[in-house]
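Asks: One structure follows; several queries about it will come next.
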Amino acid sequence: MTALLAYTIFGLVTGGAYAVVASGLVLTYSTSKVFNVGHGAIGMVMAFLYWELAENRGLPQWLALLVVVGGCAPAFGLLIERFVMRRLAGAPVGVTLVAGVGVLVGLIGAAQVIWPPQARPVRPFLDAFGVHIGQSFVSGHDLVTLACAVLVATGLYLLLNRTRTGLAMRACVDDPALAGLYGIRPTRLSALSWAIGSALAALGGILLTPVVQLDYVTMTLLVITAYTAALVGRLRSLPWTFAGALGLGLVQSYAVAYLPSSQFWIAFRAAIPALLLFVVLLALPQSPLRIGGVKGSRGVAVPNARLTAVTAAVFLAVVLTLALVVDAPVAGQLALGVVFGTVLLSMVLLTGYGGVVSLGQFTFVGVGAVTVARLGTSSPWALLAGAAVAGAVGALVALPALRVRGLYLALATLGFAQLMDKLVLQSPIAFGVRGSLQVPRLAGVGSAQAQLVLAGIVFALVGAGVLAVRRGRLGRRLIAVRDSPAACATLGVNVRWIRVGVFALSAAIAGLAGGLFAQLRETVAASDFQLFNNLPLLLFAVIAGVTSVTGAALGGLLLMLLPLLQSGFPALAGVLVVLLGVAAAGLARDPNGLVSWIFRAWRPS
Amino acid sequence: MRVDGVTVRFGDVVAVNDVTLSADAGAVTGLIGPNGAGKTTLFDVITGLRRPSAGRVLLDGADVTAKGPHQRSRLGVARTFQRLEVFGSLTVWENVVVALDSRRRPARLATELLDRVGLGEFASRQADTVPTGAARLLELARALATDPRLLLLDEPSSGLDRQETDAFGALLRELTAEGRAVVLVEHDMDLVMGCCDRVHVLNLGQLLTSGTPDEVRSHDGVREAYLG
C-alpha cells in the first residue's frame, strides 16, 4: 500500500512535468497549425542552458530558472517562429515536419558543440525540503514540479478563457483567415504561442533533468511522450492533454514498480510512450478524406525508358571504373554511399511520389540487416529475404498507421521506430542489447571493390524500377492518391490498399538496402539503426531531392560523407549538423531539392 | 438511385435532416437550394465519402450504405466536386487515364473523352494550371471515364461562359440519352430549368419540395428560401 502511494506520487510528479511540456506543444500547434517536432529539442537546449547558468556559472537556481524560462526560451521561440515557421504558414504537413526535424537536428548539433559530452549533475530544487505523506517522502523538487504543473494549468486556463488575447487565440484555432477579418493578427498570436510554447518546453525540460539526466537525445525524444499526451486531447484540448500526461506518468511509474526487472521489461518501459502512442492512434477515429482544393506539385522531369537505360549503363560504367581504380577503404565508403542511396530510393517512392513522410525508414534498413545477419548464409537469397521481411513488417505497420494521415502518420512512424529500436532490434531475437552480429558477404563478392559493384547494380536496378513505377499505372495512381484521395476513392481506386502497398514496397527496398549494408559492414549492431538515425536520413533526402533518383544518389553520397567530415574536422562536427538542420529548414519548401538546381543548370531553357 | 431518410449531423448541427429523394435512369434530376442547404453533403453521402448519421442509400434497390466510395464507384457511381479535386501534379490526359485504369479500360479512350467535353487542346497541360471552367470539365471527363450509371455533378457550370454552358446542357442530354441517371447541383437556374426532368429543393437540410421545373418555379416556399 505504501509502495503504491509512493509510486502514485512519483507518477503524478513525472506526469506533471510531461503535462507542462505537452501543453506547450498543444498551444503552439493549435494556434500556429505547425507541429513542432523540435519541441523536445528546445526543452533540451534550454535545460543545458539552465545547467550552464545554475551549476557552471553559479547563479542562484531561481534566477537561472527565471532567465531561461522567462527570457531565453521565449526569445528563442520567437526567433524560430519568425525565421523558420512563419515562412511555412499553410505549407503541407510534410514541409513543416521536415523544417521541424531540421530545427531538431540543428539544436542537437548546437548543444553538442557548446556542451561537449560529460556528466552534468543538476541539483534538484528545494533540496533541503520535503514532506512525508504516510511513509512516502515527497521531495522539494517533486513539490515544485507539481506546483509548476498546477500553475501552468491555471495560467493557461486564465489566458485562454479570461483574456482578449486568449479569445483571439481560440478564434485563430478555428479559422485564422476569418479571425484576421475581425482585426486579429494571426502572425502576432502565432509568435506569442511559440514564445509560451518554448517557455513551457524549457520549464518541463528543467523540471525533468533530475529524472532523465541531461542528455541530448533522451530529452529531445520527450516530444514523443508529449505528443502522446497531446494526442489524448486531439492536439487541441488542454484539459485532456493534462489528463493524458498524468496518465502516462502513472503508467510509467507503475511499470517501474510492478513489471519484472528482466532485460526485456527494462526495454519495454522505455518503449511505453511509443506503445501508448499506438494505442491512442488506434483509438482515434479514421481520418475522413480531405475534400476541397487543387493540390499539385512540380516534380523534376521523368526520364523515359531509353534515357533511364542509358543513364543506368553510364552509372554502372562509372561504378565499375571506380571499383577498378580505388583502394579498398575508399571502395567501401563509396559502396556505403550507394547503399544509402538505395535507402533514399525507398523514400523517393514513399515520400516523393506518395507524399507520405516517414520518420522510421531507417528502421526498415535495420529489419533487413537483422534478417540477413540471422540467416547467416552467403547466398543471394538472403538479400531478398531481408527485403521480404522488411516489406512484411512495413505492411503490418501500415495497416494500423495508415488509418491516420499527414502529421499523425509521420509521428506514428516515429513511434514505430522507437518501438522497434527498444523492443525488437535490441532484443535477443535481433542484436541483443549491446550485442552485434557477424554477417558473411555474398559468395564471390568478398572484396570492398566487389561490394561497390554489387551496390551499384542494385541501385541501378531499383532506381530503374522506381522510374518505371513512376511512368506506369501505379505511379500515376500513387500521385493521384497523394493529390486527392477523395477523388481517387470516387473513381474506384482503393486508396487504402494503394497506401499500404506502397508503404510495404518502400519498406522492402529499405530492407534490401539493409541487407547490403549488413554485408558491407560485416558487423552490425542495434546502435546502427537507432531511432535517431532516421532524422538525418529524412533531411538528406529532402536536401538532395526526394522526387528523383538522381536526388537519391546525391543524398546517399552526402549521407556517407557526413561522418567522414565530422571525424576529419572534429571542431566542425556540430557545426555541420547545425548547417544540415538549417539547410533542411530552408529547403523544405522545395521537395525537388538540390538536384533540381543541377537539372536547371543542365538545361537552361 | 434512392436516398432514404438520410440525416447527417456535425456535432449539434443537422446538415441534412431526414431527406428522401430519388433519381431515375435516363433523366436529369436537379438538386437546388441556397448555400448551406446540404446539397454537397448529400453528394458525399451518396458517393460514400461520408457516413450518414441515419438513413440508407439504395442503388437499383440494393442497400449500399455500408459500402466504401471505391466499391460504389464500381457499382456505377461517379461525381464531380464543387471545390475542385483534380490531380494537380498530373497532366489533364493522365487525370483521365487514372480513372480509366481503375476500371481496366484502355488508355486510348482518354483522348476521346477529353474531346467530348471539349478539352482536347488541354490534354498535355498540368492539371493545376488549367482555368477553373476547364478543370470542372476535366472532372466530368474523369467521372465519365468510369462509365457511370449515376453521375453526380456539383456546380459544374460555374466558371463556364454562356456559350460553354449551352454546350454543357447539350452534353447532359446526350448522357441521359445513353441511359445514365444524372443529378445536377446548380445555381444557374436557366440551366436547371432547361435541362432537368425533375427538381428537388433543399433548404436548411430539409427537402422543401420536389416536382417538375414548372411546379418548383411556382412553389411559394422556394421563392422564400431563395429570396427571404
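No value in this document is a laboratory result; all are computed from the given coordinates. Just so you know, these numbers come straight off a predicted model, no measurement behind them. Backbone-built Cβ (ideal geometry, glycine too); neighbour counts: all protein chains shown.
Asks: Return the loop-located chymotrypsin sites (Phe, Trp or Tyr not before Pro) in the range A:79-166 (DSSP other than H, G, I, E, B) with at most 14 other Cβ atoms within 10 Å of their own Cβ; answer none if there are none.
Replies: Working: sites: A:PHE83, A:PHE125, A:PHE129, A:PHE137, A:TYR157; in loops: A:PHE125, A:PHE129.
When the chymotrypsin sites (Phe, Trp or Tyr not before Pro) of the range A:79-166 are filtered for loop state and at most 14 Cβ neighbours within 10 Å, A:PHE129 remain.
Asks: Here's another thing I want to ask about it. Quick check on chain A: helices-only [θ] at 222 nm, where DSSP H runs of length 4 and up contribute -39,500 (n - 2.57) each and the sum goes over total residues. Nearest 500, please. Numbers along the way, then the final one.
Replies: Details: 27 runs with 418 residues, N = 605.
About -23000 deg cm²/dmol.
Asks: Here's another thing I want to ask about it. What net charge is computed for the residues neighbouring B:VAL19, neighbours being all others with C-beta under 14 Å from the C-beta of B:VAL19, Lys and Arg scored +1, Asp and Glu -1? Could you put the intermediate results ahead of the total?
Replies: On the way: positive: B:ARG2, B:ARG9, B:LYS39, B:ARG50, B:ARG56; negative: B:ASP4, B:ASP18, B:ASP44.
Neighbourhood net charge equals +2.
Asks: Looking at the square roots a ≥ b ≥ c of the eigenvalues of the Cα gyration tensor of the range A:305-531, which shape do they give, rounded for a/c under 1.5, prolate if a/b is larger than b/c, or oblate?
Replies: Values: a/c = 2.43, a/b = 1.26, b/c = 1.93.
Here the range A:305-531 falls in the oblate category.
Asks: Relative contact order, percent, of the range A:305-531 when contacts are C-alpha pairs under 8 Å separated by at least 6 residues? If you can, show how the numbers build up before the last one.
Replies: On the way: 357 pairs, mean separation 98.2, N = 227.
Relative contact order here is 43 percent.
Asks: Grab the beta carbon distance between B:ARG104 and A:SER378, set R0 = 45 Å, and tell me the FRET efficiency rounded to 0.05.
Replies: Efficiency, from the Cβ-Cβ distance: 0.55.
Asks: Nearest 10 degrees is fine. How inclined is helix B:162-177 to the longest principal axis of chain B, computing both from alpha carbons?
Replies: 80 degrees
Asks: Kindly provide the GluC sites (Glu not before Pro) of the range B:148-205 that DSSP labels as loop, not H, G, I, E or B, and whose Cβ sees at most 15 other Cβ atoms within 10 Å. Can you show the working numbers first?
Replies: Values: sites: B:GLU164, B:GLU174, B:GLU178, B:GLU186; in loops: B:GLU178, B:GLU186.
Sites meeting the loop and neighbour criteria: B:GLU178.
Asks: Take the Cβ-Cβ distance between A:SER567 and B:ALA54 as r, set R0 to 56 Å, and report the resulting FRET efficiency rounded to the nearest 0.05. Before the final figure, lay out the partial values.
Replies: Numbers: r = 66 Å, r/R0 = 1.18.
The value I calculate is 0.25.
Asks: Mind sorting A:HIS39, B:HIS187, A:HIS132, A:HIS141 by how few other Cβ atoms lie within 10 Å of their own Cβ, fewest first? Show your work: numbers first, answer last.
Replies: Working: A:HIS39 31, B:HIS187 13, A:HIS132 8, A:HIS141 20.
Listing A:HIS39, B:HIS187, A:HIS132, A:HIS141 from fewest to most nearby Cβ atoms yields A:HIS132, B:HIS187, A:HIS141, A:HIS39.
Asks: Further question: Below 15 angstrom from the Cβ of A:VAL280, what's the summed charge of the other residues (Lys, Arg +1; Asp, Glu -1)? List each step's numbers first, then the result.
Replies: Values: positive: A:ARG234, A:ARG236, A:ARG403; negative: none.
So the environment of A:VAL280 carries a net charge of +3.
Asks: For the residue pair A:GLN263 and A:GLU522, what label-to-label distance in nm results when each label sits 7 Å from Cα along the Cα-to-beta-carbon direction?
Replies: 2.5 nm
Asks: Now a separate question. Could you tell me the distance between the Cα centroids of the range A:86-117 and the range A:53-68, to the nearest Å?
Replies: 26 Å
Asks: Next question, about the same structure. Partner chain Cβ atoms within 10 Å, averaged over the residues of B:99-109 - can you pull that number for me? It would help to have the intermediate numbers written out before the result.
Replies: Working: counts 7, 2, 9, 8, 3, 1, 0, 0, 2, 0, 0.
Average per residue, whole number: 3.
Asks: Mind sorting A:SER261, A:SER506, A:SER193 by how few other Cβ atoms lie within 10 Å of their own Cβ, fewest first? Provide the component values of the computation, followed by the final result.
Replies: Working: A:SER261 9, A:SER506 28, A:SER193 24.
The fewest-first ordering by Cβ neighbours comes to A:SER261, A:SER193, A:SER506.
Asks: Please give the net charge around A:THR163, taking every other residue with its beta carbon less than 15 angstrom from that of A:THR163, where Lys and Arg add +1 and Asp and Glu add -1. Write out the running numbers ahead of the final one.
Replies: Numbers: positive: A:ARG162, A:ARG164, A:ARG170, A:ARG188; negative: none.
Spelling it out: positives minus negatives among the neighbours equals +4.
Asks: OK, next. Arrange the following residues from fewest to most other Cβ atoms within 10 Å of their Cβ: B:HIS219, B:HIS70. Spell out each step's value before the answer.
Replies: Values: B:HIS219 17, B:HIS70 20.
Ordered from fewest to most neighbouring Cβ atoms within 10 Å, B:HIS219, B:HIS70 come out as B:HIS219, B:HIS70.
Asks: Among A:ASN534, A:THR225, A:ALA64, which residue has its Cα positioned farthest towards the positive end of the charge dipole of the protein assembly as shown, with +1 placed on the Cβ of Lys and Arg, -1 on the Cβ of Asp and Glu, and the dipole taken about the Cα centre?
Replies: It is A:ASN534, whose Cα lies furthest towards the positive end.
Asks: Considering every residue in B:78-84, what mean count of other chain Cβ atoms within 10 Å of its Cβ is obtained? Don't skip to the answer; put the middle values down first.
Replies: Working: counts 3, 4, 2, 8, 2, 4, 6.
The per-residue average across the peptide is 4.
Asks: When a/c is below 1.5 the answer is rounded, else prolate if a/b is larger than b/c, else oblate, so apply that to the range A:314-436 with a ≥ b ≥ c taken from the square roots of the Cα gyration tensor eigenvalues. Can you show the working numbers first?
Replies: On the way: a/c = 2.24, a/b = 1.40, b/c = 1.60.
Taking the square roots of the gyration eigenvalues as a ≥ b ≥ c, the range A:314-436 is oblate.
Asks: Same structure, new question: Report, ordered by chain and residue number, the aspartates and glutamates lying within cross-link reach of B:LYS39, taken as a straight Cα distance under 16 Å and ignoring same-chain residues fewer than 8 apart.
Replies: Partners within reach: B:ASP4, B:ASP18, B:ASP154, B:GLU155, B:GLU186, B:ASP188.
Asks: Hey, what did chain B get for relative contact order, percent, Cα under 8 Å, at least 6 apart?
Replies: Values: 453 pairs, mean separation 64.2, N = 228.
Once divided by the residue count of chain B, the mean separation gives 28 percent.
Asks: Can you list the trypsin sites (Lys or Arg not before Pro) in the range A:494-546 that are in a DSSP coil and have 14 or fewer other beta carbons within 10 angstrom?
Replies: On the way: sites: A:ARG496, A:ARG499, A:ARG521; in loops: none.
Answer by residue number: there is no such site.
Asks: A further question follows. First check a/c for the protein assembly as shown, with a ≥ b ≥ c the square roots of the eigenvalues of its C-alpha gyration tensor; if it is under 1.5, answer rounded, and if not, answer prolate when a/b is larger than b/c or oblate otherwise. Don't skip to the answer; put the middle values down first.
Replies: On the way: a/c = 2.11, a/b = 1.32, b/c = 1.60.
Oblate, since a/c reaches 1.5 and b/c is not below a/b.
Asks: Give me the inter-chain shielding for B:64-73: mean count of other chain Cβ atoms within 10 Å, whole number please. Walk me through the intermediate numbers first.
Replies: Numbers: counts 0, 0, 0, 0, 4, 12, 11, 3, 3, 7.
Average neighbour count from other chains, rounded to a whole number: 4.
Asks: If you don't mind, another one. Defining a contact as two alpha carbons under 8 Å apart and six or more residues distant in sequence, what relative contact order in percent does chain A show? Kindly include the intermediate steps, with their values, before the conclusion.
Replies: On the way: 1030 pairs, mean separation 135.9, N = 605.
The normalised contact order for chain A reaches 22 percent.
Asks: Let me ask something else. Two decimals, Cα atoms only, Kirkwood Rh: what is Rg/Rh over the range B:83-127? Before the final figure, lay out the partial values.
Replies: On the way: Rg = 10.0 Å, Rh = 10.5 Å.
Looking at the range B:83-127, the ratio lands at 0.95.
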